[in-house]
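To start, the structure itself, in C-alpha cells.
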Amino acid sequence: MRARKAALVFAGLSVLLAATGCDGGTGEPTGKKGANEASVERAETSKASEVDTTPVKLTLFPSVGIDDKDVNNLFIEPVKKKYPHITIEMIKPGKGTMIQDLVAAGQPPDLLYTWNGGLPTFQAYDLLYDVTPLARKHGMDLNRFEPVVLDAIKVLSDKGELYALPFAVNFNALYYNKDIFDRFGAPYPKDGMTWEETIELANKVSRSDGGVQYRGLDPEAVSRLSKPLGLTYVDGQTGKSAINRDEWKKVFELARAMYAIPGNKPPTFLNANAKPAFLKDKNLAMLTTINLFNLALEEAANGGLNWDVAQYPSYKEKPNVYGHVDANVVAITKTSKYKEQAMRVLEVITSDEVQLLGARTTARMSVLKNPEMKKQLGADMPFLKGKRLESIFKSSPVPAPAYSRFEDSTTNQIVLKSFEEYFNGKDLNTALRDAEQNMNKHIDDSKQK
C-alpha cells in the first residue's frame with residue numbers, strides 16, 4: 001500500500017510555483033486576483049507575527065550525518081535565542097528509533113533532517129508536508145534561495161509542492177596530497193581539467209616507493225561519475241532500473257580507465273575506502289568527492305596531511321559541471337502537531353545570520369543567493385587559510401532528478417558488483433543487463449514488504 005502511494009508521487013516532473021502562488025486556472029483577472037492575494041497574505045503574515053509563546057518541544061530526526069555541535073550551534077541555540085519557548089530534541093536513528101519504529105509507535109518526529117534524495121523514503125510513510133502555505137503565511141521570501149536547489153525538492157511532486165526547505169548544499173572538488181606529487185616530481189592538479197587529463201596525471205603518481213603503493217586517483221564511487229550526466233540507478237517516475245543505458249556504459253568505461261592505471265586498483269570495489277586512503281593512510285594522491293571541509297579533513301590536516309583542492313574534473317562535453325544538486329534539507333512532518341513552531345525553526349536556520357554562521361564556522365555552502373556566503377566560506381576555520389577555495393566555485397551542479405526511494409544501499413551494491421564483474425572481464429552489455437535484472441528483482445521484493 002505504501003509503495004503504491006509513493007509511486008503516485010513520482011508520476012511526473014515538477015511544476016514550478018511562483019513564490020506568491022499561481023493563478024489556479026480560475027479565469028479571474030490577474031490584477032484583481034493579485035490584489036486579493038496580497039491582502040490575504042498581509043493578513044496571514046500579520047497573524048503569523050503574533051507568536052504563541054506556549055512552551056513546546058520539537059523532535060528532530062536526522063537521517064544523514066550531522067555533528068551534535070553543529071546541531072547545537074546552527075539549530076538549537078539560534079532558535080532558543082529568537083524563540084525561547086521552542087526546544088529542539090534530536091532523535092538519532094538506531095535500534096528501535098529508525099523512522100519505521102517511530103511511525104509504528106505513533107511518535108513520528110516533528111522535523112526531518114535529510115538530503116533531497118532521501119525525501120522519497122519519508123514520502124513512502126506519508127510524512128511529507130508542503131511548506132509553501134506556511135512560508136507565505138510567515139512572510140518568508142523563497143526568492144532568497146538558489147532556484148536550482150528549491151527545484152531539487154519540488155521535482156519530487158507533480159504539483160510543485162515544497163516538502164522541505166534547503167539548509168546547505170554540497171559542492172564537488174578534487175582534493176590532492178601535495179607530498180605525493182612532490183615525491184614524484186609531478187605537477188599539482190589544475191582547475192579546468194577533463195577526466196582524461198586527470199587520468200593522465202594520475203598515471204604519474206600511481207607508483208610504489210619505499211614499500212608503499214601510492215594510488216593516483218579515486219572517484220570514491222562509480223556513482224559519483226554518473227551524476228554530472230544526470231543519471232540515477234532507478235527511474236523516479238517508473239520505479240524501474242535505469243542502469244542499462246548508453247550513459248551508464250560511458251560511466252563504467254571511465255571508471256575502468258581510472259582503476260586500470262597500474263597500481264591504482266583499490267583493495268575492493270564493494271566498500272568505500274577512498275576517504276580513509278586519502279585522509280588517514282595518505283597513500284592516495286587525488287580524491288574527487290563532496291565537501292570534506294567539515295568531515296574529518298581538519299583532523300587529517302592536524303595529523304600531517306599536506307593537502308589542497310582543485311576544481312572537480314569535467315566530461316569534455318560538460319565543462320565546469322559536477323554532480324546533481326545534493327542538498328541537506330529540513331522538512332516538517334505532516335503528522336506534527338506543532339507546524340507553526342516548526343516553521344519558526346525553518347525561518348531561523350535559513351536566516352542570513354545562521355547561514356553565514358554555518359558558512360564561516362563549518363564551511364557549509366549556503367543555499368541562499370547572497371554572494372557574501374561564498375566570500376566568507378570557512379573564514380573562521382584556520383586550517384583552510386591559504387587553500388585554493390576559489391576552485392570549488394568554478395563548477396556548477398546539474399538539476400537534481402526525481403529520486404526513487406529504491407535508490408538505496410542495495411541498488412548501490414548491485415551497481416558496484418556489476419562494475420567489479422565488468423572490470424574483471426565480463427562483457428559490459430551483459431554486466432549492465434544483469435544489474436538491471438537484479439535491481440528490478442530487489443525493487444519488486446521491496447514493494448511486497
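The values are calculated or read from the model by the stated rules, or taken from the named source; none is laboratory data. Here the structure is a predicted model, which means the values were calculated and not measured. For neighbour counting, all protein chains shown are included, and Cβ atoms are generated from backbone atoms with ideal geometry for every residue, glycine included.
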Quick one: in region 276-293, which of the residues that are part of a loop (DSSP other than H, G, I, E, B) and under 24 Å from the mean Cα position of the chain (by Cα) is surrounded by the most Cβ atoms within 10 Å (Cβ to Cβ)?
PHE293
In the set LEU142, LEU127, LEU150, LEU119, the lone residue that is under 21 Å from the mean Cα position of the chain (by Cα) and without any contact (Cβ under 8 Å) to a residue 24 or more places away in the chain is LEU150
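Yes/no per residue for (1) touching a residue at least 12 places away in the same chain (Cβ under 8 Å); (2) touching a helix residue (DSSP H, G or I) at 6+ places or on another chain (Cβ under 7 Å); (3) within 15 Å of LYS249 (Cα to Cα); (4) surrounded by 14 or more Cβ atoms within 10 Å (Cβ to Cβ):
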{"residue": "LYS375", "(1), (2), (3), (4)": "no, no, no, no"}
{"residue": "PHE383", "(1), (2), (3), (4)": "yes, yes, no, yes"}
{"residue": "SER396", "(1), (2), (3), (4)": "yes, no, no, no"}
{"residue": "GLU407", "(1), (2), (3), (4)": "yes, yes, no, yes"}
{"residue": "ASP434", "(1), (2), (3), (4)": "yes, yes, yes, yes"}
{"residue": "GLN448", "(1), (2), (3), (4)": "no, no, no, no"}
When region 262-275 is examined, which residues are found to be farther than 19 Å from LEU428 by Cβ and surrounded by 15 or more Cβ atoms within 10 Å (Cβ to Cβ)?
ASN264, PRO266, ALA272, ASN273, ALA274, LYS275
Screening ALA296, ALA301 for residues that are surrounded by fewer than 17 Cβ atoms within 10 Å (Cβ to Cβ), outside the structural domain of ALA152 (by TED's automatic domain parsing), within 22 Å of VAL169 (Cβ to Cβ) and small (Gly, Ala, Ser) leaves only ALA296
I'd like to verify a number: residues in region 120-157 that are of a type outside the set (Val, Ile, Thr), outside any helix (DSSP H, G or I) and within 21 Å of ARG344 (Cβ to Cβ), how many?
9
Of a type in the set (D, E, K, R) and assigned to a helix (DSSP H, G or I), is that true of LYS265?
no
Sole residue being outside the structural domain of GLU317 (by TED's automatic domain parsing) and at negative phi, chosen from GLU146, GLU197
GLU146
I need a count of the residues in region 62-102 that are under 18 Å from LEU295 (Cβ atoms), part of a loop (DSSP other than H, G, I, E, B) and either touching a helix residue (DSSP H, G or I) at 6+ places or on another chain (Cβ under 8 Å) or among the aliphatic types (A, V, I, L, M) (or both).
3
Please determine whether any residue of region 406-416 is small (Gly, Ala, Ser), outside the structural domain of LYS178 (by TED's automatic domain parsing), out of contact with any Cys (no Cβ under 9 Å at 6 or more places or on another chain) and closer than 21 Å to ALA221 by Cα.
no
Test of understanding: among GLY192, GLY160, GLY117, GLY185, which residue is of a type outside the set (D, E, K, R), in a loop (DSSP other than H, G, I, E, B) and modelled with pLDDT under 95?
GLY160
Unique residue being among the aromatic types (Phe, Trp, Tyr) and either in contact with a His (Cβ under 7 Å, 6 or more places away or on another chain) or crowded, with 24+ Cβ neighbours inside 10 Å (or both) when the list is TYR176, TYR188:
TYR176
Could you identify the single residue in ALA257, ALA202 that is in contact with a Gly (Cβ under 6 Å, 6 or more places away or on another chain), farther than 29 Å from LEU74 by Cα, assigned to a helix (DSSP H, G or I) and at pLDDT 95 or above?
ALA202
Hey, does region 235-242 have a residue that's surrounded by fewer than 22 Cβ atoms within 10 Å (Cβ to Cβ), in a strand (DSSP E or B) and assigned by TED's automatic domain parsing to the domain that holds VAL309?
no
Looking at region 381-400, can you tell me whether even one residue there is polar (S, T, N, Q) and under 21 Å from ASN143 (Cα atoms)?
yes
I need the full set of residues from region 335-379 which are assigned to a loop (DSSP other than H, G, I, E, B), within 17 Å of the chain's Cα centre (by Cα) and of a type in the set (A, V, I, L, M), in order please.
ALA363, VAL367
Would you mind stating whether ALA331 is buried (at least 23 other Cβ atoms within 10 Å of the Cβ), in the same structural domain as GLN107 (by TED's automatic domain parsing) and touching a Gly at 6+ places or on another chain (Cβ under 9 Å)?
no
Could you please find all residues in region 310-323 being closer than 17 Å to LEU201 by Cβ and buried (at least 22 other Cβ atoms within 10 Å of the Cβ)?
ALA310, GLN311, TYR312, PRO313
Residue under question is GLY230, and the condition is that it be small (Gly, Ala, Ser), surrounded by fewer than 22 Cβ atoms within 10 Å (Cβ to Cβ), in the same structural domain as THR268 (by TED's automatic domain parsing) and within 27 Å of ALA363 (Cβ to Cβ); does it hold?
yes
